[in-house]
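A.B. asks: Before I ask anything, here is the structure I am working with.
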Amino acid sequence: MIAQNDCEWHDMTSHPGLAGVQARVDAAAKAAGRAPGSVRLVAVSKTFAATELVPVLNAGQRRFGENRVQEADEKWPELRARSAGIELHLIGPLQSNKVRRAVALFDVIETLDREKIAAAIAREAAAAGRCPALFIQVNTGEEPQKAGIVSADLDDFVARMRRDYQLPVQGLMCIPPAQEEPSLHFAQLAKLAARNGLDNLSMGMSADFEVAIAFGATHVRVGSAIFGARG
Ligand SMILES: *Cc1c(COP(=O)(O)O)cnc(C)c1O
């Protein structure tokens, strides 16, 4: 059970990990000549228990990322009841049998990557009367084990999402290959977004979010630099 706190905005307590990352985000935005607040921090809370998230909520963070629908469903309804204004992002793969729950739970699904899931999201969103914002995951490194649309197929996929499903596609997301220089992938994602008229770029994690900000990230997904190493 999570303790209720009626006046969290009055006794906001700083969280060192969060404050450190937020300061680095702001400094990287400034260094890139970008407006303060133009980069949004998605605190990746996967694997951390609700009790470990409370200090970060108490420090004022409201945007979080989870990579599994079931784990999010176990943690977030109670945290949401406790803290207003939560914006929850799905940053892991979505299976058809989890789409209904994902549409109910998440504000942003960052991992749209195939037509079958698009059809299911459109159907469930119509039934629920609400549709999360959608980002398309792009497999910029063309890695066989990784989800995402390959760059060569992206323009066509975006067009079909808009024309055939009327889905609210608002941005692109990528996870560069672990062993490669991420900036090439960030530059490519920015180029793909610009030519498709998409304003949001989710790219950059603990190891490389400052580079991603230099290449135009609007959303950085940062876990371990805030919460510590995952067990
Ligand atoms: C876990 C995860 C992150 C955060 O990774 P850190 O290195 O802990 O910052 C970001 N994006 C995705 C898709 C993830 O699965």
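The values are calculated or read from the model by the stated rules, or taken from the named source; none is laboratory data. As the structure is a computational prediction, the values presented were derived from the model and not from experiment. Backbone-built Cβ (ideal geometry, glycine too); neighbour counts: all protein chains shown. Calculation scope for accessible area: heavy atoms of the full protein, side chains included, ligands and nucleic acids excluded. Shrake-Rupley method; radii C 1.70, N 1.55, O 1.52, S 1.80 Å.
A.B. asks: If you take the Cα atoms of segment 36-116, find Rg, then find the Kirkwood Rh from the mean of 1/r over all pairs, what is Rg/Rh?
C.D. replies: Dividing the radius of gyration by the Kirkwood radius yields 0.97.
A.B. asks: Run the dipole for segment 96-200 about the Cα centre, Lys and Arg Cβ at +1, Asp and Glu Cβ at -1, nothing else charged, and hand back the magnitude in debye, nearest 20.
C.D. replies: It comes to approximately 540 debye.
A.B. asks: If each residue of separation counts as 0.36 nm, what is the full-extension length gain between residue 74 and residue 184 once their alpha-carbon separation is subtracted?
C.D. replies: Using 0.36 nm per residue and subtracting the Cα-Cα distance, I get 35.9 nm.
A.B. asks: Taking only Cα atoms and a 10 Å spring cutoff, compute GNM fluctuations for the chain and point out the largest among 217, 29, 43.
C.D. replies: Between 217, 29, 43, it is 29 that shows the largest mean-square fluctuation.
A.B. asks: As a test of the definition: which semi-axes, in Å, follow for segment 65-104 when you take the square root of five times each eigenvalue of its alpha carbon gyration tensor? Largest first, please.
C.D. replies: Output for segment 65-104: semi-axes of 19, 10, 9 Å.
A.B. asks: Please tell me the relative contact order of segment 48-117 in percent, rounded to the nearest whole number, where contacts are Cα pairs under 8 Å and at least six residues apart.
C.D. replies: That works out to 31 percent.
A.B. asks: Please list, in order along segment 21-36, the HN-Hα scalar couplings obtained from phi with the Karplus expression 6.51 cos²θ - 1.76 cosθ + 1.60 (θ = phi - 60°), rounded to whole Hz, x for Gly and Pro.
C.D. replies: Computed from phi, the couplings for segment 21-36 are 5, 4, 5, 5, 4, 4, 5, 5, 5, 5, 4, 8, x, 9, 5, x Hz.
A.B. asks: Over all Cα pairs of the chain, how is the pair count split among 5 Å bins, expressed in % and running from 0 up to the last occupied bin?
C.D. replies: 1, 7, 15, 18, 19, 17, 13, 7, 3, 1, 0
A.B. asks: Quick check for me: using +1 on Lys/Arg Cβ and -1 on Asp/Glu Cβ, what's the dipole size of the chain about its Cα centre, in debye to the nearest 20?
C.D. replies: 380
A.B. asks: Related question: Please give the FRET efficiency for residue 38 paired with residue 123, using the beta carbon to beta carbon distance and R0 = 41 Å, rounded to the nearest 0.05.
C.D. replies: 0.75
A.B. asks: Taking the Cα-to-Cβ direction at residue 230 and at residue 47 and moving 7 Å from each Cα, how far apart do the two end points lie in nm?
C.D. replies: 0.5
A.B. asks: At 0.36 nm per residue, minus the direct Cα-Cα distance, what do residue 164 and residue 23 gain on full extension? Give it in nm, one decimal, please.
C.D. replies: The span from residue 164 to residue 23 would gain 46.6 nm if fully extended.
A.B. asks: Now for a separate question. What are the ³J(HN,Hα) values, in whole Hz, obtained from phi via the Karplus relation 6.51 cos²θ - 1.76 cosθ + 1.60 with θ = phi - 60°, for each residue of segment 192-198 in sequence order, with x given for Gly and Pro?
C.D. replies: Those phi angles translate into 5, 5, 4, 6, 9, x, 9 Hz.
A.B. asks: Follow-up question, since we're still on this one. Stretch residue 95-residue 147 to full length: gain in nm at 0.36 nm per residue minus the Cα-Cα span?
C.D. replies: Result for the pair: 17.6 nm of gain on full extension.
A.B. asks: Here is a further query. Once you list every other residue whose beta carbon is under 11 Å from the beta carbon of residue 196, what net charge do they have if Lys and Arg are +1 and Asp and Glu are -1?
C.D. replies: Around residue 196, the charge tally is 0.
A.B. asks: What's the whole-number percent of alpha carbon pairs in segment 82-124 lying beyond 12 angstrom?
C.D. replies: 58
A.B. asks: Counting only protein heavy atoms and a 1.4 Å probe, tell me what percentage of the chain's accessible area is made up of carbon and sulfur.
C.D. replies: 52
A.B. asks: Related question: Under 8 Å for C-alpha pairs, at least 6 residues apart: give me the relative contact order for the chain, rounded to a whole percent.
C.D. replies: Relative contact order comes out at 20 percent.
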